[in-house]
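A short worksheet on the structure shown next.
Just so it is clear, none of the values below were taken in a lab; they were calculated from the coordinates. This structure is a prediction, so every number in the text was calculated from the model and none was measured. As a convention, Cβ positions derive from the backbone with ideal geometry for all residues, glycine included, and neighbour counts pool all protein chains shown.
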Amino acid sequence: MVVGTLTVHIHLHGMGSLKDKRRIIKSLIGRLQSRFNFSVSEVSAQDNKAVGIIGLATVSNDGVFVETQLDTVIQFIRGDGRFYVGQIDREIFFCGED
């Protein structure tokens with residue numbers, strides 16, 4: 001089993017309220033879940049209207065597939081245009097190999 005994770009720091013400028021930020025974050029999370037079938041959640045900075053931190057995870061039996069999916073998700077997030085993407089932490093775990 002191969003587990004791939006991302007932690008993505010998103011910087012939002014000009015947000016008037018937390019409601020505006022949450023609308024963008026929820027939209028991004030929904031798009032990622034439906035398009036890539038990843039588990040996605042806002043994991044930190046929920047009360048900061050200028051920053052959002054989301055965590056993503058996927059599981060497969062193929063490490064190359066996980067790598068490709070993570071690359072594709074990063075490109076998708078960077079192409080959104082509603083925010084600036086800051087730090088991205090990427091980890092891949094190989095579990096239960098014989």
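Give, rounded to the nearest 20 debye, the magnitude of the charge dipole that the chain has about its Cα centre when Lys and Arg contribute +1 at Cβ and Asp and Glu contribute -1 at Cβ.
The calculated dipole for the chain is roughly 820 debye.
Taking R0 as 35 Å, what FRET efficiency do you get between D62 and D20 from their Cβ-Cβ distance, rounded to the nearest 0.05?
Using R0 = 35 Å, I get an efficiency of 0.35.
For L6, what is the net charge nearby, where nearby means another residue's Cβ is under 10 Å from its Cβ and Lys, Arg count +1, Asp, Glu -1?
-1
Just one of (i) 1.69; (ii) 1.12; (iii) 0.96 is Cα Rg over 2.2 N^0.38 Å as worked out from the coordinates here. Which one is it?
(ii)
Taking the Cβ of I25 as the center, what net charge do the other residues with Cβ under 15 Å away carry, scoring Lys and Arg +1 and Asp and Glu -1?
+4
Return the distance in nm (one decimal) between the two label points of a simple spin-label model at T72 and F94, each offset 7 Å from Cα along Cα→Cβ.
2.3
Going by how many other beta carbons lie within 10 Å of each one, how would you line up E67, E91, fewest first?
Result, fewest neighbours first: E91, E67.
For Q46 and D80, calculate 0.36 nm times their separation in residues minus their Cα-Cα distance, and state this gained length in nm to one decimal.
Using 0.36 nm per residue and subtracting the Cα-Cα distance, I get 10.2 nm.
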